[in-house]
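The values are calculated or read from the model by the stated rules, or taken from the named source; none is laboratory data. What you are looking at is a predicted structure, and each value in this text was computed from that prediction instead of being measured. Virtual Cβ from ideal backbone geometry, glycine too; neighbours counted across all protein chains shown. When the accessible area is computed, the model is the full protein with side chains, heavy atoms only, and any ligands, DNA or RNA have been set aside. Shrake-Rupley method; radii C 1.70, N 1.55, O 1.52, S 1.80 Å.
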Amino acid sequence: MSQAAPPAVPGSAEPAQDERLLRTSLTRRLMGRPELGSVVGAVAVFVFFSIVADSFLQPSSLNTVLYAASTLGVMAVPVALLMIGGEFDLSAGVMVTSSALISSMFSYQMTANVWVGVGVSLLVTLAIGAFNGFMLTRTKLPSFIITLGTFLMLTGLNLGFTKLISGTVSTKSIADMEGFASARAVFAETPLLGATVKSTILWWAVLVALATWILLRTRFGNWIFAVGGGADAARAVGVPVKRTKIFLYMGVAFAAWVSGQHLLFSFDVVQSGEGVGNELTYIIAAVIGGCLITGGYGSAIGSAVGAFIFGMTSKGIVYAEWNPDWFKFFLGAMLLLATLLNAWVRKRAEATR
């Protein structure tokens with residue numbers, strides 16, 4: 001029996017095209033994914049170190065690589081969302097240290113349960129993120145200038161307050177204080193299925209899943225892409241640009257709080273000078289993962305892949321018994337190659353639409 005022709009489009013002599021024929025092919029959809037280039041790069045890096053480093057594929061080595069990637073990945077996820085929204089945060093690295101210092105010093109000085117310090121740290125860190133977003137939207141200055149100022153202020157506050165309160169550049173031990181063990185289980189090492197897992201790995205997985213859902217399934221995700229693509233155009237169609245950017249900066253602050261608590265409860269004490277320079281690493285992971293510097297394009301999964309590449313490279317060089325001084329060279333080369341590959345993938349995706 002012959003198949004009936006599709007109904008004609010009203011006002012046209014041509015029959016309507018079957019809707020199923022309009023669906024994008026799987027290959028074309030994959031070519032349009034921002035993280036495609038980073039996935040290809042991750043496979044290449046994994047194969048390379050599997051060949052040149054005999055111990056790279058051992059379970060203990062892979063666990064170390066995953067942990068190194070997770071400590072970066074927790075921050076790379078919200079930084080990627082912020083970059084998709086068209087902004088930067090140069091204060092993210094020292095904000096991690098600020099969060100840890102606030103928890104430690106408040107708990108120690110007030111002789112309170114460490115969870116009180118953790119809660120105070122969360123409120124203060126979120127306030128710092130809100131301050132960045134508010135100043136950006138209020139003054140209309142570039143995010144580079146706003147967050148550079150915050151970076152410098154936090155760097156000075158971290159060192160100045162730590163010396164003022166503890167008399168040294170590091171905090172006092174809080175390992176014997178009430179609540180430390182439970183906080184350590186949440187932020188440092190979590191018991192899971194009879195084993196102990198680094199908490200950052202779990203936090204990283206949750207943040208990647210949550211950020212991906214937000215970007216692809218929620219109105220706020222549409223707002224992020226719209227704001228990054230063009231704030232004026234987004235505002236013209238009713239997108240709350242100011243609120244969106246403030247929430248994105250608070251998202252970075254929340255991740256900084258998580259990373260700061262991991263730093264504190266993993267090592268008990270915190271050095272006030274830590275974190276300087278890490279903000280660039282977070283941005284590099286997001287860019288390697290497919291985020292555009294200009295905003296409006298990228299993914300949370302891509303930032304996770306970028307962080308994983310960072311973890312493989314930093315530890316793979318050690319397992320290959322190379323001079324670790326070469327790490328920065330490889331990181332810079334990967335950044336350049338990943339950016340070129342991502343640009344090529346994006347052009348191919350646009351050409352096949």
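Here the calculated FRET efficiency for L340 and T111, from their Cβ-Cβ distance with R0 = 51 Å, stands at 0.40, rounded to the nearest 0.05.
Percentage of Cα-Cα pair distances in the range 272-337 greater than 17 Å, rounded to whole percent? Result: 46 percent of Cα pairs exceed 17 Å.
Per residue, the accessible area of the range 27-92 comes to 39 Å², computed with a 1.4 Å probe over protein heavy atoms only.
The eigenvalues of the Cα gyration tensor, multiplied by 5 and square-rooted, give the range 94-192 an equivalent ellipsoid with semi-axes of 28, 17, 11 Å from largest to smallest.
In plain terms, the chain from T139 to L202 could stretch by 18.9 nm, reckoned as 0.36 nm per residue minus the Cα-Cα distance.
About its Cα centre, the dipole of the chain is roughly 940 debye, where the only charges are +1 on Lys and Arg Cβ and -1 on Asp and Glu Cβ.
Averaging 1/r across all pairs of distinct Cα atoms in the range 144-292 and inverting the result yields a Kirkwood radius of 18.2 Å.
Grouping the Cα pair distances of the chain into 10 Å bins from zero gives a pair-distance distribution of 5, 22, 29, 24, 12, 5, 3, 1, 0 percent in increasing distance order. G149 sits among other residues whose Cβ lies under 14 Å from its own Cβ, and their net charge, with Lys and Arg +1 and Asp and Glu -1, is -1. The lysine pair count for the chain, using Cα distances under 26 Å and pairs eight or more places apart or on different chains, is 7. Here the range 213-317 has 63 percent of its accessible surface on carbon and sulfur atoms, given a 1.4 Å probe and all protein chains in place.
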